[in-house]
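Visitor: What follows is a structure written as structure tokens; I'll ask about it next.
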Amino acid sequence: MTTTFPAFDTAHRHDPYPAFALVREATPAHPLQLGDVPVTVFTRYAECAAILASPDWGHGYQAGISPFRDTGALIPGSFVRMDPPDHSRFRSLVNKAFTPRVVAALAPMVERVVDDLLDTALARDEFDVLADLAVPLALTMIGGRVLGVPPEERPALRDWELAIAWGTDPDELLPPDVITARGTAARAAFGYFSRLVAQRRAEPADDLLSALIAVEEAGDRLTEPELVGICLLLLVAGMETSINLVGNGVLALLRHPDQLVLLRERPDLMPAALDEMLRYDLPTQFTIRVALRDTVVAGQRFTRGDGVVVVMAAANRDAAVYPDPDRFDITRYAVPDPARRHLGFSLGIHYCLGAPLARLEAGIAIGALLRRAPNLELAEENLEHLPSLIHRGLRRLPVRARTRTPRANA
């Protein structure tokens, strides 16, 4: 493994933000060698936002110009790796199953699931916010309601999702056994979802996978490989983002008691609080892009096929955009300001499709947890993060609640 980017060192896994700041303050464009691939790392908001929003940048896999190894090759049909016009076609079809009306209609189900999970968790002196709330909520909503996986088959989804998520880090930064585990998990998940898609074609059910199968526009429908690729995308990106938004968000509140008290007193601040959680400790730390045509960023020329790493987590703490950027402040987004929009769900055509669902799940879960556990506190201070560089989340988040209140409709 060869790298000159300090934040990728395992020593910074617990807190990469000081290392991000050193690079961000030193240069707008940081050279990085990933194995035999020279790329450029961007950490400042202006350049990161410009690259994500620009049609000059994409993934380059279909054109055969990407310098990055195609770690998604085992997931055919995954439109997250595509560029227009294919990406535009996929996005148009899939959006029909994720309209604001469809997502908003899921709120009562999320509320019921969260309350049931908290009934069980709060019956114990100590519980894990991830294992007892965030993970089973994501398995129920993404695995059950969206993908239509039966309850008894959902545990395997988490194992596959973790293996594939860690495997989305650049291969040059991964141990061989992780690359092997990624391939094994991707093949198992692909086989499973191939069978599930065939089953739903024959017998549609009340889930969004069946809705995706039924989606059609001007005679255009999604093929089986495309549907399976979408299932895998929703499994990894949908679950990991939702789980880590809850975990990272609750941890930020517990480590900033004044903000926790304010949110408990002002639940109307939850939308702004979620934006600040995404800015402050981003579940997806960086992404990669490839120049689709010759272009210039920060005064540096890039030719078609050049690769860059866009570190959204570093951009989200750029003092040129955010006053006192290392301060966690849930009122920061109380008044919308497009100039300070965080990069938590990316920008441009690859803006996160599942963002409304992730926000819905996290808002309801965190709100119910604060309401029903008014004295919530950390049970351990030394917390371990997952080994992935791209996906930032905790292995466990043990907490205790000295007092408890029943569900609102009890």
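The values are calculated or read from the model by the stated rules, or taken from the named source; none is laboratory data. Note that the coordinates shown come from a computational prediction; the quantities given were computed from them, not determined experimentally. Heads up, the Cβs are rebuilt from the backbone with ideal geometry, glycines too, and the neighbour counts pull from every protein chain shown.
Visitor: Those residues that are within 10 Å of residue 243 (Cα to Cα), among the small types (Gly, Ala, Ser) and surrounded by 23 or more Cβ atoms within 10 Å (Cβ to Cβ), I need them from region 128-158; list them, please.
Guide: Start the filter on region 128-158 by keeping residues that are within 10 Å of residue 243 (Cα to Cα), which leaves 129-131, 133-139.
Narrowing further to those that are among the small types (Gly, Ala, Ser): 131, 134, 138.
Residues satisfying the conditions are 134, 138.
Visitor: For region 17-38, what are the residues that are over 11 Å from residue 5 (Cα atoms) and among the aliphatic types (A, V, I, L, M)?
Guide: Correct list: 21, 26, 29, 37.
Visitor: I'd like to know if region 133-152 contains one or more residues that are of a type in the set (A, V, I, L, M, F, W, C), at pLDDT below 95 and either in contact with a Phe, Trp or Tyr (Cβ under 8 Å, 6 or more places away or on another chain) or assigned to a loop (DSSP other than H, G, I, E, B) (or both).
Guide: Yes, there is a match, as at least one residue in region 133-152 is of a type in the set (A, V, I, L, M, F, W, C), at pLDDT below 95 and either in contact with a Phe, Trp or Tyr (Cβ under 8 Å, 6 or more places away or on another chain) or assigned to a loop (DSSP other than H, G, I, E, B) (or both).
Visitor: Also, I was wondering about something else. It is to be established whether one or more residues within region 189-203 are in contact (Cβ under 8 Å) with a residue 12 or more places away in the chain, of a type in the set (Asp, Glu) and either buried (at least 21 other Cβ atoms within 10 Å of the Cβ) or not in a helix (DSSP H, G or I) (or both). First the steps, then the outcome.
Guide: Restricting attention to region 189-203, the residues satisfying the condition of being in contact (Cβ under 8 Å) with a residue 12 or more places away in the chain are 189-190, 192-194, 196-198, 200-201.
In the following step, the residues that additionally are of a type in the set (Asp, Glu) were identified as none.
No.
Visitor: In the list 317, 396, which residue meets the criterion of being surrounded by 15 or more Cβ atoms within 10 Å (Cβ to Cβ) and either in contact (Cβ under 8 Å) with a residue 12 or more places away in the chain or not in a helix (DSSP H, G or I) (or both)?
Guide: Sole residue among the options that is surrounded by 15 or more Cβ atoms within 10 Å (Cβ to Cβ) and either in contact (Cβ under 8 Å) with a residue 12 or more places away in the chain or not in a helix (DSSP H, G or I) (or both): 317.
Visitor: Looking at 368, 298, which is the one that is closer than 30 Å to residue 408 by Cα, in contact with a helix residue (DSSP H, G or I) (Cβ under 8 Å, 6 or more places away or on another chain) and of a type outside the set (Ser, Thr, Tyr)?
Guide: Answer to the check: 368.
Visitor: Quick one: is residue 348 touching a helix residue (DSSP H, G or I) at 6+ places or on another chain (Cβ under 6 Å) and surrounded by 16 or more Cβ atoms within 10 Å (Cβ to Cβ)? I'd like the intermediate steps shown before the answer.
Guide: Values: touching a helix residue (DSSP H, G or I) at 6+ places or on another chain (Cβ under 6 Å): yes; surrounded by 16 or more Cβ atoms within 10 Å (Cβ to Cβ): no.
Answer is no for this residue.
Visitor: Can you list residue pairs whose Cβ atoms sit under 7 Å apart, with the first residue in region 278-306 being on the phi < 0 side of the Ramachandran plot and buried (at least 16 other Cβ atoms within 10 Å of the Cβ) and the second being polar (S, T, N, Q) and assigned to a strand (DSSP E or B)? Count only pairs 6 or more apart in sequence or on different chains.
Guide: As it stands, the answer is 302/295, since those pairs meet every condition given.
Visitor: Using the structure shown, decide if residue 258 is at pLDDT below 95, of a type in the set (D, E, K, R) and surrounded by fewer than 18 Cβ atoms within 10 Å (Cβ to Cβ). Show your work before the answer.
Guide: Working: at pLDDT below 95: no; of a type in the set (D, E, K, R): yes; surrounded by fewer than 18 Cβ atoms within 10 Å (Cβ to Cβ): yes.
Here the answer is no, as residue 258 does not meet what is asked.
Visitor: Of all residues in region 171-188, count the ones that are surrounded by 22 or more Cβ atoms within 10 Å (Cβ to Cβ) and either of a type in the set (D, E, K, R) or part of a loop (DSSP other than H, G, I, E, B) (or both). Even if it seems obvious, please write down each step before you answer.
Guide: Filtering region 171-188 for residues surrounded by 22 or more Cβ atoms within 10 Å (Cβ to Cβ) gives 182, 185.
With the extra rule that they be either of a type in the set (D, E, K, R) or part of a loop (DSSP other than H, G, I, E, B) (or both), the set shrinks to 182.
Qualifying residue count, region 171-188: 1.
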